[in-house]
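> Below is one structure. I have some questions about it.
Please treat every number below as a calculation from the coordinates, not as lab data. Computed from a prediction, not measured in an experiment: that's the story for all the values here. Quick reminder, even Gly has a Cβ in these numbers, built from the backbone with ideal geometry, and neighbours come from all protein chains shown.
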Amino acid sequence: MGKSPGNKNWITTDCPPPPLRWETGPIEYHGQAKTKNMKTILITGGAGFIGSHVVRRFVKKYPEYKIVNFDNLTYAGNLANLQDVETEPNYEFVKADITAGELMKTLFRKYRFDGVIHLAAESHVDRSIANPMDFIFTNIIGTVNLLNAAKLIWDEMEGKRFYHISTDEVYGSLGDTGFFFEDTAYDPRSPYSASKASSDHLVRAYHHTYRLPVVISNCSNNYGPFQFPEKLIPLTIHNIRNNKLIPVYGKGENIRDWLYVEDHAAAIDLIFHHAKIGETYNIGGHNEWKNIDLIRLLCKVMDKKLKRPEGTSENLITFVKDRAGHDLRYAINSEKIQNDLGWKPSLQFEEGLEKTVSWYLANEEWMKNVTSGDYQKYYDIQYNKR
Ligand code: NAD
Ligand code: TYD
């Protein structure tokens, strides 16, 4: 383990792959010592889409916290998402795999975290259908490794908090009516949602069995800057920009409830600081869109931004073979967080979408970097033989 020459806040654990993925031997540590009276908060998955917004918010808003980001930089993790905070004195990056149980314990002993916000996950449903095991390792075993490490160092639970970030997909699929509430029975239907549901159950089990001070939130679909272009909105923006076909699964009738990512980060901030231990909160935009309607709106926004004649982008829409087990509709009832914590989404969807499109068009270099290399292979497998 050592520091990257380029950045004083960057630590690599450089562990050889363990015989069992969730166990590694002892490691050496050269990180900075904790400053007295400073709260040290672990954010896992901080180089990903939502995690990077949470890291940015916490680093900037809470100079009295030391924010430590554990991320093993999978295809979805990108340190370019954090360029504007990477040299801040209250931020540290550790390249670490949460599936390595002994490593997690060693790092928790060294940092003595006061709180954990756990976002690291395999997050894409299509990849979970193609390769479920990565989801089992990271989302289930990785989460249990973090729970065990927290349990190990938190003799005194007072003032501590383990916040697990989850998804509305654990509740399954809705018909034309109804909403997901916090007490809706779990009914996950994809390997992704089943792995997230398992991790939610384990987090609650550690609360009930070991009194670990946990909170959980389940959020609807996020969109905004820095989202990897395997997800619907950035993939559509990227394809329109490059005059490529827009793949719409099935008939495009599936419905998702969309929330701007910074509104999710604001909810996470509130829940982390103010939620009662053991509680669950649903977070959603109250903003349901049929995929095909959303794509048509995106086409209009893109035509305008790219100064193309209206209707140009819509010609790229192509209906392709549906996703296996495709959930029809997700819709969140978020009254609990609105009433208890005073949270509500700050942006109208049209405004958020416009901001998002502008960001992607202004950051073509970012997009170029994340779509070079393995992305093209992924795209060919996922779409070209569909
Ligand atoms: P993402 O795929 O963009 O980022 C995940 C991050 O986790 C990446 O930086 C990746 O490198 C890291 N990671 C993956 N495996 C790891 C491992 N074994 N060890 C350490 N780091 C690892 O995901 P996202 O969209 O930002 O989602 C973040 C969290 O929010 C996830 O837990 C997801 O289930 C949840 N969530 C996402 C959405 C959404 O719409 N994107 C909605 C609700 C909940
Ligand atoms: P996605 O962004 O993958 O999120 P999730 O599956 O977690 O909701 O997909 C959002 C919706 O868009 C979902 O109903 C699947 C659909 N979709 C397409 O129609 N085409 C695509 O290329 C992708 C990636 C998704």
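> Anyone know which of 41, 129, 295 comes out most mobile in the 10 Å Cα GNM of the chain?
Residue with maximal mean-square fluctuation among 41, 129, 295: 129.
> Right, another one. Looking at the square roots a ≥ b ≥ c of the eigenvalues of the Cα gyration tensor of region 61-102, which shape do they give, rounded for a/c under 1.5, prolate if a/b is larger than b/c, or oblate?
Taking the square roots of the gyration eigenvalues as a ≥ b ≥ c, region 61-102 is oblate.
> By per-residue mean of other Cβ atoms within 10 Å, what is the highest-first order of 281-293, 161-173?
Ranked from most to least packed, the peptides come out as 161-173, 281-293.
> Here is a further query. Given region 159-254, what whole percent of its Cα pairs are spread farther than 15 Å?
Distances greater than 15 Å cover 71 percent of the Cα pairs.
> Mind putting together the pair-distance distribution for region 268-386? All Cα pairs, 5 Å bins, whole percent per bin, short to long.
Spelled out per bin, shortest first, that is 2, 8, 12, 13, 16, 18, 14, 9, 6, 2, 0.
> Another question, then. Tell me, what ³J(HN,Hα) does each residue in region 185-202 have, in order and in whole Hz, if you take phi through Karplus 6.51 cos²θ - 1.76 cosθ + 1.60 with θ = phi - 60° and put x for Gly and Pro?
5, 5, 8, x, 10, 10, x, 4, 5, 5, 5, 5, 4, 4, 5, 4, 4, 5
> Here's another thing I want to ask about it. Calculate the length of the line joining the C-alpha centroid of region 297-337 to that of region 50-115, in whole Å.
A separation of 32 Å, based on Cα centres.
> Another question, then. Sorted from largest to smallest, which semi-axis lengths in Å does the alpha carbon gyration tensor of the chain give for its equivalent ellipsoid, taking the root of 5 times each eigenvalue?
34, 24, 20
> Angle check, please: helix 349-362 long axis (alpha carbons) against the longest principal axis of the chain (alpha carbons), in degrees 0 to 90, nearest 10.
Helix 349-362 and the main axis of the chain meet at about 80 degrees.
> Checking the cross-link filter: which lysines have an alpha carbon closer than 18 Å to that of residue 300, excluding same-chain neighbours under 8 positions apart?
Straight-line reach from residue 300, under 18 Å: 244, 290, 355.
> Convert each backbone phi in region 323-332 into a coupling constant with the Karplus relation 6.51 cos²θ - 1.76 cosθ + 1.60 (shift: θ = phi - 60°), then list the ³J(HN,Hα) values in order as whole Hz, x for Gly and Pro.
Along region 323-332, the couplings run 5, 5, x, 4, 5, 6, 8, 10, 8, 9 Hz.
> Taking the Cβ of residue 138 as the center, what net charge do the other residues with Cβ under 9 Å away carry, scoring Lys and Arg +1 and Asp and Glu -1?
-3
> Shifting gears a bit: Using the alpha carbons of region 72-170, what is the convex hull volume per residue in cubic angstrom, as a whole number?
Cα convex hull per residue, to the nearest whole number: 126 Å³.
> What angle do you read, to the nearest 10 degrees and between 0 and 90, between the alpha-carbon axis of helix 101-111 and the longest principal axis of the chain?
The helix 101-111 is inclined about 70 degrees to the chain.
> Then there's this: At 222 nm, what helix-only mean residue ellipticity would the chain give, in deg cm²/dmol to the nearest 500, using -39500 (n - 2.57) for each DSSP H run of four or more?
Estimated from H runs of four or more residues: -10500 deg cm²/dmol.
> Where Lys and Arg each count +1 and Asp and Glu each count -1, what net charge lies around residue 269 among other residues with Cβ under 15 Å from its Cβ?
It works out to a net charge of +3.
> Can you tell me the order of 338-351, 235-248 when each peptide is scored by its average per-residue count of other Cβ atoms within 10 angstrom, highest first?
Highest to lowest by the protection proxy: 235-248, 338-351.
> Just order 189-201, 359-371 by mean Cβ neighbour count inside 10 Å, highest at the front, would you?
Descending mean neighbour count gives 189-201, 359-371.
> Beyond a 21 Å Cα-Cα separation, which of these cross-linked pairs lie in this structure: 39/110; 66/95; 66/231; 276/336?
In this structure, 66/231 lie more than 21 Å apart at Cα.
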